[in-house]
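A.B. asks: Quick one: this structure, given as structure tokens, is what I'll be asking you about.
Read the figures in this text as sums done on the coordinates, not as results from a lab. This is a predicted model, so every value here is computed, not measured. Cβ placement follows ideal geometry from the backbone for every residue including glycine, while neighbour counts extend to all protein chains displayed.
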């Protein structure tokens, strides 16, 4: 949430900042701004709206300078408007600051600064921080880096910040706590700072990920130096990016979301690559190899996540209990830390996050780790916070996901959870050898089956056109399909703003059935499996009340086809693997309905991709 980009070098900063903000706009897009330092003059441009609005605002005005910072915002404190947009400036006019996160104790600091003559113009917590740094600098006579360090000792909360000082055109200072920052090291003394690597990869592949509590000083003459908030010197650890520039482009698709839906055969295959060997009948997850025995001996698994990752975790619950016979509890990470959960030292906690930076999930990890549990991470971003703070884990290898509504991340997460459950079940002896090998072969065939589902897009688009004006929708599924019903409803809500709810199919008669009339589309997963006959009965209940049924069925099904208004066939697949296929039509229906309703598919209102505040 919120995108940060900064540059110091010998090139003009403005084009680099604007292009970087475009790459980061998925993190927040209700306002944007830049600050540029040129020959002792500090110029700030900012406005409500998207990065394109900022470009129009800057057009014809001064935007020179080889040192600059830029920001795209997702509002927390104060509505999105020109005044609350970043960067924020100090009372003296010397400092400019951009910030991702929340300063929790900003109110008392603000009152104290007001009593000392500071005047505030915005509603933001960020403006309080830049005033505090300015106040310390003037009262203590410290340089910018030390003033930032002293100010951060006083604040409570999460932050990623970059600050520049009009009096020092050769330096910028960055710091982070619970919010990501990466520093790119270019040629000839160039340095880039960003919330993630997407704005950096086209300029350099050499990066340093700031750790919590670290402060980076970047100087034209002396390069990069890092200290922590206790003023201890740290040695920068330079890594090479695995990200590739072409992954950040739309590749001919109208939207990133559509591209990412169609990338799922590849992303699932990449999640399996090197881990699944059908010839030898092996599952190898190198990232958790040292903790396999803890998994095998575990008496309980806790899975934490938010949003789509939570839905993937629910699929994981079914997988681990079915295949490995280990009890599983799935928790919203946002609730986990506040309800004083019972955590044992022999528990395994699986934390799932696309970005690896989700603040609520990180807080849940911190709590569980403090109580002695073994923490396993599943995330998509190499070098992310969750990858660094967990004991072990597996990357999904889904590649960058730019669309705010998650698609390929879900199927990649479910793929990794499936591999884990199969591996542990095999080692525990809770799954027969025959079933284990059969499921390995079926899992290996999933990418090709996803391709087959995607070939039905024209039919799915036709169905979307029929229901694009609906104001409500129900999604129903049983067993492994229940989490997919939840995920389907979430996708429709997120990008088309149609109210939708997912339910276990049997729960429909315990309340939601009252909503059904001839205007209500009901999306049902009715694939062949142990609950098939029960789901058929649920469909009949909907039809008896004149509801419209759109059913996902197994290819060749004739029973549901005779009952439903529309059917979407998908290839026959064992029930534990069905979520990897049945979710695809729901993703496409949501996408096409949103496009037909004129919604901004990649940047839905009020949402941001990487939720780095609690």
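A.B. asks: Calculate, in nm to one decimal, what residue 187 and residue 239 gain on full extension: separation in residues at 0.36 nm each, minus their alpha carbon distance.
C.D. replies: So the chain would gain 17.2 nm between residue 187 and residue 239.
A.B. asks: Specify the inter-centroid distance of region 152-190 and region 449-498, based on alpha-carbon positions, in whole Å.
C.D. replies: For region 152-190 versus region 449-498, the Cα centre distance is 42 Å.
A.B. asks: Cα-based Rg (one decimal) and Dmax (whole number) for region 344-468, in Å?
C.D. replies: Values for region 344-468 (Cα only, Rg and Dmax): 17.9, 53 Å.
A.B. asks: Please report, to one decimal in angstroms, the Kirkwood hydrodynamic radius of region 456-600 built from all distinct Cα-Cα pairs.
C.D. replies: One decimal place: 14.7 Å for the Kirkwood radius.
A.B. asks: Calculate the FRET efficiency for residue 545 and residue 120 from the Cβ-Cβ distance with a Förster distance of 60 Å, rounded to the nearest 0.05.
C.D. replies: So, using R0 = 60 Å, E works out to roughly 0.60.
A.B. asks: Subtract the Cα-Cα distance of residue 499 and residue 472 from 0.36 nm times their separation in residues, and report this length gain in nm to one decimal.
C.D. replies: Length difference between fully extended and current span is 9.2 nm.
A.B. asks: Only residues of region 563-596 count here: report those whose backbone N is under 17 Å from the spot 7 Å along Cα→Cβ of residue 428, or say none.
C.D. replies: Answer for region 563-596: 576.
A.B. asks: Just to be sure I understand the curve: with the Debye formula and one point per C-alpha of region 13-56, what is log10 I(q)/I(0) at q = 0.20, 0.21, 0.23, 0.30 Å⁻¹?
C.D. replies: -0.60, -0.65, -0.76, -1.11
A.B. asks: Between the helical axis of 433-454 and the dominant principal axis of the chain, each derived from Cα atoms, what acute angle in degrees is found, rounded to the nearest 10?
C.D. replies: Compared with the principal axis, the helix lies near 70 degrees.
A.B. asks: Here's something else I'd like to know. Quick one: angle between helix 408-428 and the longest Cα principal axis of the chain, in degrees between 0 and 90, rounded to 10, please.
C.D. replies: Relative to the chain, helix 408-428 is tipped by roughly 60 degrees.
A.B. asks: Can you tell me the orientation of helix 13-24 relative to the chain, as the angle in degrees between its alpha-carbon axis and the longest Cα principal axis, to the nearest 10?
C.D. replies: Approximately 20 degrees, to the nearest ten.
A.B. asks: A follow-up question, please. Once you wrap a convex hull around the alpha carbon atoms of region 1-148, what is its projected area averaged over all directions, in nm²?
C.D. replies: Convex hull of Cα atoms, orientation-averaged projection: 8.5 nm².
A.B. asks: Under the rule of -39500 (n - 2.57) per DSSP H run of 4 or more residues, summed and divided by the residues of the chain, what mean residue ellipticity at 222 nm is obtained, to the nearest 500 deg cm²/dmol?
C.D. replies: -10500 deg cm²/dmol
A.B. asks: What fraction of the Cα pairs in region 214-354, stated in percent, has a spacing above 26 angstrom?
C.D. replies: 53 percent
A.B. asks: Here's another thing I want to ask about it. If neighbour count is taken as other Cβ atoms inside 10 Å, put 178, 582, 195 in order from fewest to most.
C.D. replies: Going from least to most buried by this count: 178, 582, 195.
A.B. asks: Among 259, 225, what is the fewest-to-most ranking by other Cβ atoms within 10 Å?
C.D. replies: 225, 259
A.B. asks: Next question, about the same structure. Scale the Cα Rg of region 1-81 by the rule-of-thumb value 2.2 N^0.38 Å and send over the ratio, two decimals.
C.D. replies: Here the Cα radius of gyration is 1.02 times the empirical estimate.
A.B. asks: Let me ask you something else. Send over the Kirkwood Rh of region 461-541, from the inverse of the averaged 1/r over different Cα pairs, rounded to one decimal Å.
C.D. replies: 12.9 Å is the Kirkwood radius here.
A.B. asks: Let me ask something else. Ratio to report: Rg/Rh of the chain, with Cα atoms as the point set and Rh obtained by the Kirkwood method; give two decimals.
C.D. replies: 1.00
A.B. asks: From the C-alpha gyration tensor of region 256-454, pull out the three semi-axes of the equivalent ellipsoid (sqrt of 5λ each), sorted largest to smallest, in whole Å.
C.D. replies: Over the Cα atoms of region 256-454, the semi-axes work out to 25, 22, 13 Å.
A.B. asks: Follow-up question, since we're still on this one. What is the fewest-to-most order of 233, 163 by other Cβ atoms lying within 10 Å of their Cβ?
C.D. replies: Going from least to most buried by this count: 233, 163.
A.B. asks: For region 382-453, place one equal point scatterer on every Cα, skip the solvent, and apply the Debye formula. What is log10 of I(q)/I(0) at q = 0.13 Å⁻¹?
C.D. replies: Rounded to two decimals, the profile gives -0.52.
A.B. asks: Please give the FRET efficiency for residue 280 paired with residue 448, using the beta carbon to beta carbon distance and R0 = 25 Å, rounded to the nearest 0.05.
C.D. replies: It comes to 0.75.
A.B. asks: If you don't mind, another one. According to the Cα gyration tensor, what semi-axes, each the square root of 5 times an eigenvalue, does the equivalent ellipsoid of region 3-247 have, listed from largest to smallest in whole Å?
C.D. replies: 24, 21, 17
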